[in-house]
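Asker: Submitted below is the structure of interest, expressed as structure tokens.
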Amino acid sequence: MRVGIIGGGLMGREAASGFGRWFALQDFPVHAELTAVCDLREDLLEWFAQVPTVQLRTKDHAELLASDQVDVVYVAVPHNLHEKLYCDVLAAGKDLLAEKPFGIDLAAARRIRDAVNASDHFVRCSSEFPFAPGAQRAIDYVQSGALGRVLEIHSGFLHSSDLDTAKPANWKRHSKTCGEIGVMGDLGMHTVHIPFRLGWKPQRVFAQLQKGFAQRPDGQGGTAECDTWDNATLNCDVEIDSQTVPIRLQQKRLAPGQTNSWHFEAIGTEGGVRYNTRDANTIFIYEKEKDGWTRVDLGHAMAFPVITGGIFEAGFPDLNLQMWAAYAAERAGKLATRFGCATPEEAVQSHELWQAALKSHAEKSVVEL
Ligand SMILES: NC(=O)c1ccc[n+]([C@@H]2O[C@H](COP(=O)([O-])OP(=O)(O)OC[C@H]3O[C@@H](n4cnc5c(N)ncnc54)[C@H](O)[C@@H]3O)[C@@H](O)[C@H]2O)c1
């Protein structure tokens, strides 16, 4: 699997580091390497010069897409560019790992999904937290039926960095480039990937949205206006086994003390499971007979085995490598029963929820999906 990256910023370089240690995957059926990169910034193209497998570095994405050294393209650019670049990738006959939120809004996401369906290319959307050992264990736990009747579900992704008023604004703080959905586009896919995959798709939503600071330094000595939603709490109903169950989805950039905390919790009449990446090595399981939560250490229990010792803890780069392994395995027809990357349809469904949340907040009403 020869990969080209369009957008060599934060996530583009993270992906590059994953391909750089692809050999850590044990007995993996697909070899992957990074062959080409496109970014508008010279300093980033320079950075990629140190990656020995990269044969093409360009500022023109059309040049990357014309390369016969590229099978799969990873596009990690601002949200206003998703639709154009994703559709260009498909038109060039390449497979795609798209970044979330898969288009700047619902209309764009649907057009991308339609372009995917009209092609025969393999397309998935990025979301790596379900590949954490604790998330994998939580999915298995839910699928085993151990919850009994599901009583409530919480899923969230919390950041605190916007509390720093000195932090310069970037494209993620402007609706024009991040999208009117703001933080939901930024963090939301991470909160719905597991619930959606478990079949828990909200039927109605009451959303509470909050803006961040209206002005920030622009990084060049001036001030930038910021207009995106920074915090979003979505209180939803989901039907599970003919019961209406509350599911709360939280996406926040203003969450004191939370650097990059992703959590998933499901509670039922017979059991419960709770995982937060803040305690990366620990999952909590509710045991009814003890009427208490048992702490279980996880170690490096990965869906795709790696050479890393089983007692070591997992971090973000490990989850990202696992997500790419899931992409490569599914593309090669080798995923089997393992958890796969988010699909274009799931990405569109996430946008349906964000659009309903915007309406709910504007009208202060519950919106049906
Ligand atoms: N999956 C995750 O955990 C995760 C985390 C952060 C960001 N993201 C997503 O990744 C995407 C990129 O975010 P980021 O944080 O890496 O942003 P970033 O600003 O760090 O990087 C974006 C890069 O795209 C480049 N770029 C812009 N226009 C381009 C063009 N026409 N051709 C080529 N390159 C171009 C920019 O120069 C920049 O280097 C977004 O969709 C974001 O939501 C995902």
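The values are calculated or read from the model by the stated rules, or taken from the named source; none is laboratory data. Quantities reported herein were computed from a predicted structural model and do not represent experimental measurements. In this analysis, Cβ positions are derived from the backbone assuming ideal geometry, glycine residues included, and neighbour counts consider all displayed protein chains. Quick note on the areas: whole protein, heavy atoms, side chains included, nothing else; ligands and nucleic acids left out. Shrake-Rupley method; radii C 1.70, N 1.55, O 1.52, S 1.80 Å.
Asker: Residues of the range 89-121 being of a type in the set (A, V, I, L, M) and closer than 20 Å to residue 189 by Cα, which ones?
Answerer: Passing the criteria: 96, 97, 98, 104, 106, 107, 108, 109, 112, 116.
Asker: Collect the residues in the range 12-32 that are surrounded by 15 or more Cβ atoms within 10 Å (Cβ to Cβ) and either touching a residue at least 60 places away in the same chain (Cβ under 8 Å) or closer than 16 Å to residue 67 by Cα (or both), keeping them in residue-number order.
Answerer: Residues satisfying the conditions are 12, 14, 15, 18, 19, 22, 24, 25, 28, 30, 32.
Asker: A follow-up question, please. Just for strands (runs of 3 or more DSSP E) wholly inside the range 46-100: which have at least 3 residues that are within 20 Å of residue 324 (Cα to Cα)?
Answerer: Correct list: 72-75, 95-98.
Asker: Go through the range 71-95 residue by residue and tally those that are away from the ligand (no atom under 12 Å from the Cβ) and among the basic types (Lys, Arg).
Answerer: Within the range 71-95, residues that are away from the ligand (no atom under 12 Å from the Cβ) and among the basic types (Lys, Arg) number 1.
Asker: Follow-up. Is it the case, given these coordinates, that residue 155 is in a loop (DSSP other than H, G, I, E, B) and either of a type in the set (Ser, Thr, Tyr) or free of Cβ contacts under 8 Å to residues at least 24 places away in the same chain (or both)?
Answerer: No: the conditions fail for residue 155.
Asker: Taking the options 56, 40, name whichever one is within 16 Å of the ligand (Cβ to nearest atom) and either within 30 Å of residue 182 (Cβ to Cβ) or among the small types (Gly, Ala, Ser) (or both). If you could, list the steps in order and put the result at the bottom.
Answerer: Working: 56 fails: either within 30 Å of residue 182 (Cβ to Cβ) or among the small types (Gly, Ala, Ser) (or both).
Of the residues listed, the single one that is within 16 Å of the ligand (Cβ to nearest atom) and either within 30 Å of residue 182 (Cβ to Cβ) or among the small types (Gly, Ala, Ser) (or both) is 40.
Asker: Quick check, is residue 205 modelled with pLDDT of 95 or more, buried (at least 22 other Cβ atoms within 10 Å of the Cβ) and within 11 Å of the ligand (Cβ to nearest atom)?
Answerer: Criteria not met by residue 205.
Asker: Can I ask one more? Looking at (1) within 15 Å of the ligand (Cβ to nearest atom); (2) free of Cβ contacts under 8 Å to residues at least 60 places away in the same chain; (3) open to solvent by less than 80 Å² (accessible area, probe 1.4 Å), can you tell me which one residue 35 breaks?
Answerer: Just one mismatch for residue 35, condition (1).
Asker: Restricting the search to the range 106-147, which residues are closer than 19 Å to residue 343 by Cβ, open to solvent by 20 Å² or more (accessible area, probe 1.4 Å) and outside any helix (DSSP H, G or I)?
Answerer: 119, 120, 121, 122, 124
Asker: Output the number of residues of the range 1-11 satisfying the condition of being near the ligand (Cβ under 6 Å from one of its atoms) and either within 24 Å of residue 66 (Cα to Cα) or free of Cβ contacts under 8 Å to residues at least 60 places away in the same chain (or both).
Answerer: Counting residues in the range 1-11 that are near the ligand (Cβ under 6 Å from one of its atoms) and either within 24 Å of residue 66 (Cα to Cα) or free of Cβ contacts under 8 Å to residues at least 60 places away in the same chain (or both) gives 5.
Asker: Ok, one more. For the range 12-32, which positions are within 15 Å of the ligand (Cβ to nearest atom) and of a type outside the set (Ser, Thr, Tyr)?
Answerer: Listed by number, the residues that qualify are 12, 13, 14, 15, 16, 18.
Asker: Residue 291 - would you say it is open to solvent by 70 Å² or more (accessible area, probe 1.4 Å), at positive phi and more than 16 Å from the ligand (Cβ to nearest atom)?
Answerer: Judged against the criteria, residue 291 is a match.
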